[in-house]
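Remarks on the structure that follows.
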Amino acid sequence: MGVPKKHKTRSGRNQRRSHHALKKTSFATCKNCGAAVMPHMPCKACGYYKGRKIV
Ligand SMILES: [Zn+2]
């Protein structure tokens, strides 16, 4: 790996880190019980996915 020869400026460093923030996690609501569930995952509370009981 290359080693940086010079320090980057504070503004350059901060501009690079401007993309580092985490996005808030998205979730869907279960159609059966209304609980918050991860998208594309069966509901942890009632086990339903796409209107059918899976678990
Ligand atoms: Zn549910």
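Each value in this text was obtained by applying a stated rule to the coordinates, not by laboratory testing. Please read all numbers here as calculations on a predicted model, not as lab measurements. Methodologically, a virtual Cβ is constructed for each residue, glycine included, from the backbone with ideal geometry; neighbour enumeration extends over all protein chains shown.
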Matching residues in the range 20-44 (touching a strand residue (DSSP E or B) at 6+ places or on another chain (Cβ under 8 Å) and not β-branched (Val, Ile, Thr)) number 14
Inspect all residues belonging to the range 10-30 and state whether any of them is without any contact (Cβ under 8 Å) to a residue 24 or more places away in the chain, within 16 Å of the ligand (Cβ to nearest atom) and over 18 Å from the mean Cα position of the chain (by Cα). yes
